[in-house]
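All remarks here apply to the structure that follows.
Every number here is computed from the coordinates shown, using simple stated rules; none is lab data. Quick caveat, the model's predicted, so the values are computed rather than measured. A quick note on method: Cβ atoms are made from the backbone with ideal geometry, for glycine too, and the neighbour counts reach across all protein chains shown.
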């Protein structure tokens, strides 16, 4: 019950913070008519997420079926927040309520409200269902969760009231609130409560892939030979660009860029015009008030930037050791299936990568690996990709496989998808008892096709 | 004195507006690429090569170029105008040339042996090329740690050397060595006086079915990256002349490389292969008719062997062949020019800023 209460409290607090920020901004502006609806939309988004999860459960769908889509959706939502913060930079909420901008701003405000907690709602419902299953009773678990949500809601309402009283609305701009919402998404107060906080890692992995693709592109365009033919210093220089810490630094800079651009626009906004004939002391007071608002308003941007950078930096992949198991020999059953025993003394921990080698008549050795995804499903892929030389992969922490050639971390969630740096998938693998059966022809033909392109 | 660009409207204004719009398009491209990556695992190359990516980058490049023209024609100090025009034109050319290079780049590979003449148009527009010998060395120039290069003489042109990097320009193509391999002269007759094979055999280039491959024992391939692009040179191959039912398996097993005798069956043999040419090579040879093995033994290069129903002769030298990678990319030069202009503009602007600073300090002192 305590688990359910705390999980719901954290998910609720995530939404309550977002709702309070939005409410304070909108309540004191010309967009005040959507202040309450936007806050309600946050709660509605949570309810929609919970309802969708329960409906999916009733239809027999497992969390694994929709978790990748949820995570992609969450990442795109964060990207949209960054884009909106950039678009709204330098504008007050009142400025967004003029002319054609008003309906757009109102729809965007409500949509953001709905989307803030919808994925967390799905994840929370799954989490609570698991807890109910383990505890043998659903009512206490859901009751505790409602209590947690109620406490979070009360905290959010209290925070909103306090901020309004303190006049925080004068110092908040739409761009600042959007930046804070982006930072909250990256910090993942709610998603980490239900063990599904992957956004910073997704962002870092995306940056890694972009840098890696750029280096590859440069190699291809300039016809640079492989590292075995380069002086060591030259290749070490190239490897600097492929280090996870560099990727995390670039990722932090990229994520902070729209926030900093919005902050810059806020600081450089024009001072309000002072009426002709105003006395010098009044002018100075007006000027001081403007500077104070700028300083206080900057706090929101600074917090958002610091939180985002910290979230990305803490998710950098390079801090974990590589796990590179020796391939275990496997044979086929004579009926077209390669038999991979999943149990036995070499099995190791269940979430660890395992490599296997299948000897094809003719002396060729096909190496492939299996790794468990966060959703519990098992991915089977060749130990090589379409692009790099076949140096293979190792496991990096629990969430990544790591290309040993180009030093690129690949999220485990994308293993099994074809293309680019992903290890080449082997379709059709199925678990039968404690044995994994891999279609021999699919395995060998995937390997042969890939090697012919090398 | 304040250093700044004092330009007369409207050209100066137009330059700023166009540059601002171009920058916005670049930011839009960044968000588009990020959305593709986060939403669909489509990488940067895919984003650049997509129609929307091409349109955004192309339009941004053109707008930067327009801004550069306006900046160059606007009023103001000549140096500052030039610096701004250089930076903007460099940005424009670079941003526009990158997707154009990806979209319009053509490429191909062609395998050539030592002493071979390549027919014209082996790659479209490439003239006939006569090739000399391949040079291998465990050292290389500039950033290269090894040398793999071949002499080539275009028809009616000056001889050139095509190596690993940088590519050599020949008739609009940029040629570089992609990988290399071994070739040995083989004379082989079996069950008939007519030769089944009489010529150079390039090891590692012959296709065979799984059934044919199962007739002999292959050396496990080293799981390493090497070769000028790909793998170590192949040391063995199985020849199956069409409609003969005969098979000849050749494997390089031993040779002197760079003055040292090497066992090429060693799993780490790939490390020595770029040390030099093979001398005193010894081959493992198997001759089969269907599944029946008629001959199995070791032959030195230059030796012959006869067996019931057949005879094999190996040439005295092991020659080299290379796969040449050719690309034709007119936009690469544009990209290079853009980067050069950009660097020039930044350098000029920096110099002007320093000069301005020095002058201001001198003015303060006086």
Next on the checklist: For the stretch A:184-299, report the % of Cα-Cα distances exceeding 17 Å.
Outcome noted: 73
Next on the checklist: So if I average 1/r over every pair of distinct C-alpha atoms in the stretch A:2-194 and take the inverse, what Kirkwood radius in Å does that give?
Outcome noted: 17.0
Checklist entry - Using the count of nearby Cβ atoms within 10 Å as a rough guide to exposure, how do A:216, A:279 rank from fewest to most? => result A:279, A:216
Item to check | the stretch B:107-179 - Rg (one decimal) and Dmax (whole number), Cα, Å | outcome: 11.9, 34
Next on the checklist: For the stretch A:2-194, what does the relative contact order come out to in percent, with C-alpha contacts under 8 Å and a separation of six or more?
Outcome noted: 49
Checklist outcome for this item: Taking max minus min of the Cα coordinates of the stretch A:25-71 on each principal axis, largest first, gives extents in Å of 46, 19, 8
Checklist outcome for this item: Sorted largest first, the Cα spans of the stretch B:181-320 on the principal axes come out in Å as 41, 31, 21
Checklist entry - Packing-wise, with mean Cβ within 10 Å as the measure, how do A:332-338, A:33-39, A:207-213 rank, highest first? => result A:207-213, A:33-39, A:332-338
Item to check | Degrees, to the nearest 10: B:51-73 long Cα axis against longest axis of chain B | outcome: 50
Checklist outcome for this item: Bridge orientation stat for chain A from DSSP, antiparallel percent rounded to 5, came to 90
Checklist entry - Roughly what would the spin-label model give for residue B:340 and residue A:240, points 7 Å off Cα along C-beta, in nm? => result 2.6
Item to check | Relative contact order for the stretch B:181-320, counting Cα pairs under 8 Å that sit 6 or more residues apart, in percent | outcome: 26
Checklist outcome for this item: Ranked on Cβ counts within 10 Å of their own Cβ, fewest leading, A:185, B:155 go B:155, A:185
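In whole Å and largest first, what semi-axes does the C-alpha gyration tensor of the protein assembly as shown yield when each eigenvalue is scaled by 5 and square-rooted?
The three semi-axes for the protein assembly as shown are 60, 40, 19 Å.
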Checklist entry - In degrees from 0 to 90, rounded to the nearest 10, what is the angle of the helix A:280-314 Cα long axis to the longest principal axis of chain A? => result 20
Checklist outcome for this item: Each residue of A:211-223 has, on average, a number of other protein chain C-beta atoms within 10 Å of its C-beta equal to 5
Checklist outcome for this item: In degrees rounded to 10, the 0-90 angle between helix A:35-58 Cα long axis and the longest Cα principal axis of chain A is 20
Item to check | Principal axis box of chain A, alpha-carbon based, largest edge first, Å | outcome: 95, 63, 36
Checklist entry - Tell me, how many Å apart are the Cα centres for the stretch B:340-366 and for the stretch B:244-275? => result 62
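Within 10 Å of each Cβ of B:28-38, how many other protein chain Cβ atoms are there on average?
Across the residues of B:28-38, the mean count of other-chain Cβ atoms within 10 Å is 5.
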Next on the checklist: With an 8 Å Cα cut-off and a minimum separation of 6 or more residues, compute the relative contact order for chain A in percent.
Outcome noted: 16
Checklist entry - What is the packing order of peptides B:88-100, B:25-37, B:298-310, taking the mean over residues of other C-beta atoms within 10 Å and listing the highest first? => result B:88-100, B:25-37, B:298-310
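Most exposed first by the Cβ proxy, i.e. fewest other Cβ within 10 Å, how do A:414, B:219, B:205 rank?
Fewest-to-most ranking of A:414, B:219, B:205: B:205, B:219, A:414.
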Item to check | Other protein chain Cβ atoms within 10 Å, averaged over every residue that makes up A:75-86 | outcome: 3
Checklist outcome for this item: For B:65-74, B:169-178, B:206-215, ranked highest to lowest by mean beta-carbon neighbours within 10 Å, the order is B:65-74, B:169-178, B:206-215
Checklist outcome for this item: For the protein assembly as shown, percent of DSSP beta bridges that are antiparallel (nearest 5) comes out at 95
Checklist outcome for this item: When all Cα-Cα pair distances of chain B are considered, the percent exceeding 36 Å is 47
